Every structure is written in structure tokens, then in C-alpha cells.
Amino acid sequence: MAEIGKVRIRIPSSIKRGDVVRVRSLVIHPMEIVQRRDGKPVDKNYLFIHKVTVAYNGREILEAETTQSISENPFFSFTFKPTEPGMLRITFLDTHGGKYEGTAEIKFA
Amino acid sequence: MEARREVGRVSRRAVLRVLGLLGVSAAAAPFLAGAPGVAVGQGNLGALQPEEKVDATMQRLFGGRPIKDGSSVIKMELPLIAENGSVVPITVEVQSPMTPASYVKNIYIISDKNRRPLNARFSLTPDMGAASIGANLRLGETTNVRAIAELNDGALLMAKREVKVTVGGCGG
């Protein structure tokens, strides 16, 4: 898990002003699931991503609350409509205080 | 005066006894958890989604609010048969305008048979241009998956689909 927290973002190669753009993002993360011992869940500090935020030029456009019933190495895709060029920033927060960020520059063709 | 001191002594003894018990349980815990070295006693189990039936989840999230059938406006894409329950791709698209006056505020993804049914909640904004979300789910067994869209005026729309899961992928 040396790569834990590595964020990959894919955007279309050519974007025109006013297009609705589909962004695909992935973060390397174990997303621990609840362990059980004798049928009872074990209370420990499970490591998983519980919050994802997407901001464009500092303005939040999407926020997600995620649980451990999202797969390991969580993948999210969403759309957004850029009206001006700028920086898309995706932030993943996990329950151990980890903060993983990825950015993608949006330029108009 | 004497009585008060007596009280103090008794309570201190009680405190020590409790501490002793905690010490014993803390020593035993690593064996129970099967993972020595893990900090026990500061878990976040209580902060996770509660283990409950899907009806309880719906009640908790939406109260008694009416949920309309949204199968004509919510387009869910997910496999009919998922061989591996630990990675089940889903996309949810709500055909709705995304303007500040009328947009989809939240999309909830709920798997009926998972021990903790809520998979994820997405809070959308009009800047997104379209209400379309994709993610990978973990499904414990063959289950209905529901996508519930909450519009900005508070209306709730739901679509659901069954996914057959060959190998479960969710312990929690």
C-alpha cells in the first residue's frame, strides 16, 4: 500500500466552453471493511474514505459522504459544466485523518 | 468529617477496581481482535452507518416523507449479474434540469441486503450541468439496489434494480 492516497483524475482531452464534462477519478485506498469476531463487529478505528469533495476554482460543486460499502480503490465519476478555465480539485478524506488531493487543469480547446 | 473521608475511600477503591477491570480487558482485546498492535478502545465503529434493515435506513434518512416512483427519470446502470460483489460499478443519472431554480440536491445509493444499507450520499450543485454520478459498490449478496434522488424542493424519487451477486464482497 505504498501508493495509498494516490489520486488519478481523467478528463476528456478536448473541452469546449459550455460542455458538460464527465470526470472520472480514482484513489488508491484500502477502504477497510468491518471485521467480525464470533459474529460481533470488532470496534477499532477502521480506515476508509468517508468524505469526498470536488471544487472548481475554489467553489464546491460536489460533496459525497461515503461508507465502507464502496469498493477498495474507490472510483467516482461525475459531470460538471465549466464556464471558465480553471483548476478542478478533488479531495478525499479518510477516517484516520488522511487527506488526499488531486487536481486537473481545465482548458478550453 | 470521618464519614466523608470514608465515602472518599470507598469511591477511590471503586475507581481502582474499575481500572483493574479495564486493564484486564485491554490486555485481552488484542487476542480477541486477532490483530496485535492495533489501538483498541478508540474505535470508530459507533460512527459508522448503523447495522439495520433497509426499512430502518429509509425511515432514518427520509422520515415518513412520501417517495415517488422515479423509474422514468432515474436511469441506473449496473450489471444484472455481478460475479464479484466487491466491485460493482453503478451509474445513476437523473433526467432533471440543473439550474439554481430546479436541480437535484442529493442522490442516495442504498443496497437493501447490505448490513449497513447506505452506500453513499452525493450532494450535487447546479454547477454540475447534469445529475450523473458513478461509483463502485460493494454488495454482500443478491440484493435490490435503490437510487433515491432528492430534488431541491424536497421531492423524493426512487428507482431500484436487482443485482445478482455470485461472490459476496462485503463483510461490513
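The values are calculated or read from the model by the stated rules, or taken from the named source; none is laboratory data. It should be emphasised that the depicted structure is a prediction, and the values quoted were computed from it without experimental measurement. Every residue, glycine among them, receives a Cβ derived from its backbone with ideal geometry; neighbour counts consider all protein chains shown.
Pull up region B:56-73, narrow it to residues that are more than 14 Å from every other protein chain (Cβ to nearest Cβ) and within 13 Å of the chain's Cα centre (by Cα), then point me to the one that is nearest to residue B:93 (Cα to Cα). Looking at the filtered set, the residue picked out is B:58. Quick check, is residue A:16 surrounded by fewer than 18 Cβ atoms within 10 Å (Cβ to Cβ) and at the interface with chain B (Cβ under 10 Å from one of its Cβ atoms)? Judged against the criteria, residue A:16 is not a match.
Scanning region A:36-48 for residues that are farther than 24 Å from residue B:90 by Cβ and facing chain B (nearest Cβ under 7 Å) turns up A:36, A:37, A:41, A:42, A:43, A:44, A:45. Note on region A:11-61: among residues that are among the basic types (Lys, Arg) and in contact (Cβ under 8 Å) with a residue 24 or more places away in the chain, the one that is nearest to residue A:89 (Cα to Cα) is A:24. When A:40, A:107 are checked against the criterion of being closer than 25 Å to residue B:85 by Cβ and of a type in the set (D, E, K, R), A:40 stands alone in meeting it.
Return yes when residue B:121 is more than 9 Å from chain A (Cβ to nearest Cβ) and either in a strand (DSSP E or B) or out of contact with any strand residue (DSSP E or B) (no Cβ under 9 Å at 6 or more places or on another chain) (or both) and no when it is not. It is false that residue B:121 is more than 9 Å from chain A (Cβ to nearest Cβ) and either in a strand (DSSP E or B) or out of contact with any strand residue (DSSP E or B) (no Cβ under 9 Å at 6 or more places or on another chain) (or both). Within region B:89-119, the residues that satisfy the criterion of being closer than 17 Å to residue A:24 by Cα and not charged (D, E, K, R) are B:89, B:90, B:91, B:92.
Selection of region B:124-135 for residues being at the interface with chain A (Cβ under 7 Å from one of its Cβ atoms) and part of a strand (DSSP E or B) yields B:124, B:132, B:133, B:134, B:135.
Note on region B:74-105: residues that are in a strand (DSSP E or B) and either more than 12 Å from every other protein chain (Cβ to nearest Cβ) or out of contact with any helix residue (DSSP H, G or I) (no Cβ under 8 Å at 6 or more places or on another chain) (or both) total 18. Any chance region B:155-169 includes a residue that's at pLDDT 95 or above, within 17 Å of the chain's Cα centre (by Cα) and within 13 Å of chain A (Cβ to nearest Cβ)? Scanning region B:155-169 turns up no residue that is at pLDDT 95 or above, within 17 Å of the chain's Cα centre (by Cα) and within 13 Å of chain A (Cβ to nearest Cβ).
For every residue, the table says whether it meets (1) buried (at least 21 other Cβ atoms within 10 Å of the Cβ); (2) aromatic (Phe, Trp, Tyr); (3) touching a helix residue (DSSP H, G or I) at 6+ places or on another chain (Cβ under 8 Å).
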position	(1), (2), (3)
A:54	yes, no, no
A:60	no, no, no
A:63	no, no, no
A:66	yes, no, no
A:69	yes, no, no
A:78	yes, yes, yes
A:82	yes, no, no
A:85	no, no, no
A:91	no, no, no
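For the structure I just gave you, tell me whether residue B:108 is crowded, with 23+ Cβ neighbours inside 10 Å, more than 18 Å from residue A:33 (Cβ to Cβ) and touching a helix residue (DSSP H, G or I) at 6+ places or on another chain (Cβ under 7 Å). When the stated conditions are applied, residue B:108 passes them.
For residue A:68, the requirement of being farther than 30 Å from residue B:96 by Cβ and polar (S, T, N, Q) is not met.
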